[in-house]
Every structure is written in C-alpha cells, then in structure tokens.
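Here the structure comes first, spelled out in structure tokens, and everything after it is commentary.
The values are calculated or read from the model by the stated rules, or taken from the named source; none is laboratory data. Given the structure is predicted, the values throughout are model-derived calculations rather than measurements. Cβ sites come from the backbone with ideal geometry, for glycine too, and all protein chains shown count toward neighbours. Please note that ligands, DNA and RNA were not included when accessible areas were found on the heavy atoms of the full protein model with its side chains. Shrake-Rupley method; radii C 1.70, N 1.55, O 1.52, S 1.80 Å.
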Amino acid sequence: GNVTIADLEGNKQKALKGDIVTEGETIITGENSFVIIKIEKHSIHRIEENSNLLVSTLPYKYEDSNVLEQGASFYLEVGTIFSEVFNKSGNDSLKVSTKNTHMGVRGTKLMVSRDLKSNYTWLSVEDGEVEIKNSISNHHDVILKKQSIVVERNREISKARLFDWHNKVSWDIKNSKENLKTFKA
C-alpha cells in the first residue's frame, strides 16, 4: 500500500517493511493501505487507511528493570488505529490522544477512530479497560471490555455500551491480509 513516514521537519519517505519509527515521526497511510507496527515486548498496532498518527513517545524501562518508566503515546489526527498492549501495568502503558480527548490504556485491546468531517471520535475496547478524559467537557470515564463510546464534536461523550459495529470489525491486529473488516465511520 501507500504508507509514508514524515519526520519533524516534514520530510517524507516511503515506509518499507522493517523500517524503524522513532519519536516525533508521523505515520501516514493512503487509500486502501494499512501498516502494522510492533513495539517489542510492549504492543502491536494496525493503522488503517487514510490515517495520520504521530508517535509522540515510545516506551522504555531502565536497564535491568521490569518496571515501565514511560509508556508509548500517540496523537491520532485522523483515521483509525487498532492496538493491543501486552505490558500490563498500573501506569498508562499507552496514551492515545485526539484533538481534545485523551485515552489512557493499561494493557488491553482497543480501537480509536477520528473523523475530521463529523468531528467525532470513536473508542471501542475489546479487552481490558481504557480511561478517557475530555479537556473541553471535563468528562472522565473508564470504558470496559466490550464497551464503546462516541465523542461528538470533540466534547460530548456518549454513554458506554456495546455498539452493533463492535463485533463487525476485525480484532485480529496481527493479520496482514487485505480483506480485513475495518471500522468505517
């Protein structure tokens, strides 16, 4: 597919299998394209077509330590990301942010999607739990296994529940086949 990586200066290069993505780089997927990124012993992520995802921070542990000192953090400008976090800790292993909404993940499988036209963000949790905060409405909630929410116009958060589309998407994040059932807004 058509996947590029942009650095902080905006320089873009075509992504190739095995490329290493560093903090501050943005992953951009084109039409009918997706990419799977793996963070060793931490997580795996499938970034769907027409997405723009900034890798803000990557996780690290101090040498000879089993304690996660810093989790990964992503900023999803537009598009969809499915993530499975293996490193379960009391701290946020992964933070996913959109314009005004921030999600703290503590070892789970989730999907976040953001649409610029409708100004909606969707969060769905397949397994585990995700803490969600909205900086405009000050809404705070914890979304549990098999629950989803919709953030309307960057501020109004729906009640957590199981939406029909939750079971219609492919939660097999490691699957690299082109016929995946992806989330469509």
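Which of the residues belonging to the range 48-84 are more than 22 Å from residue 34 (Cβ to Cβ), in a loop (DSSP other than H, G, I, E, B) and not polar (S, T, N, Q)? If you could, list the steps in order and put the result at the bottom.
Our first condition is that a residue be more than 22 Å from residue 34 (Cβ to Cβ); within the range 48-84, this holds for 57, 59-71.
Retained after the next criterion (residues that are in a loop (DSSP other than H, G, I, E, B)): 59, 62-67, 71.
Scanning the range 48-84 gives 59, 62, 63, 64, 67, 71.
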Quick check on this structure: which one of 117, 61 is farther than 26 Å from residue 2 by Cα and charged (D, E, K, R)?
61
Lone unmet requirement of (1) open to solvent by 40 Å² or more (accessible area, probe 1.4 Å); (2) out of contact with any Lys or Arg (no Cβ under 7 Å at 6 or more places or on another chain); (3) without any contact (Cβ under 8 Å) to a residue 40 or more places away in the chain for residue 99
(3)
Mind listing whichever residues of the range 109-157 are open to solvent by less than 10 Å² (accessible area, probe 1.4 Å), in a strand (DSSP E or B) and within 20 Å of residue 54 (Cβ to Cβ)?
110, 111, 112, 113, 121, 123, 130, 132, 134, 151
List the pairs whose first member sits in the range 120-134 and is touching a residue at least 12 places away in the same chain (Cβ under 8 Å), whose second member is in a strand (DSSP E or B) and of a type in the set (D, E, K, R), and whose Cβ atoms are under 7 Å apart, counting only residues at least 6 apart or on separate chains?
120/152; 121/114; 126/109; 127/109; 128/109; 132/141
Residue 67 in contact with a Lys or Arg (Cβ under 8 Å, 6 or more places away or on another chain), without any contact (Cβ under 8 Å) to a residue 24 or more places away in the chain and open to solvent by 30 Å² or more (accessible area, probe 1.4 Å)
yes
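Okay, residues lined up against (1) within 20 Å of residue 79 (Cβ to Cβ); (2) crowded, with 16+ Cβ neighbours inside 10 Å:
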site	(1), (2)
17	no, no
23	yes, no
36	yes, no
51	yes, yes
54	yes, yes
62	no, no
Return the residue satisfying two criteria in turn: it lies in the range 1-15 and is in a strand (DSSP E or B) and not aliphatic (A, V, I, L, M), and of such residues it is least open to solvent (accessible area, probe 1.4 Å).
4
What's the number of the only condition in (1) hydrophobic (A, V, I, L, M, F, W, C); (2) open to solvent by 40 Å² or more (accessible area, probe 1.4 Å); (3) over 15 Å from residue 102 (Cβ atoms); (4) part of a strand (DSSP E or B) that residue 165 fails to meet?
(4)
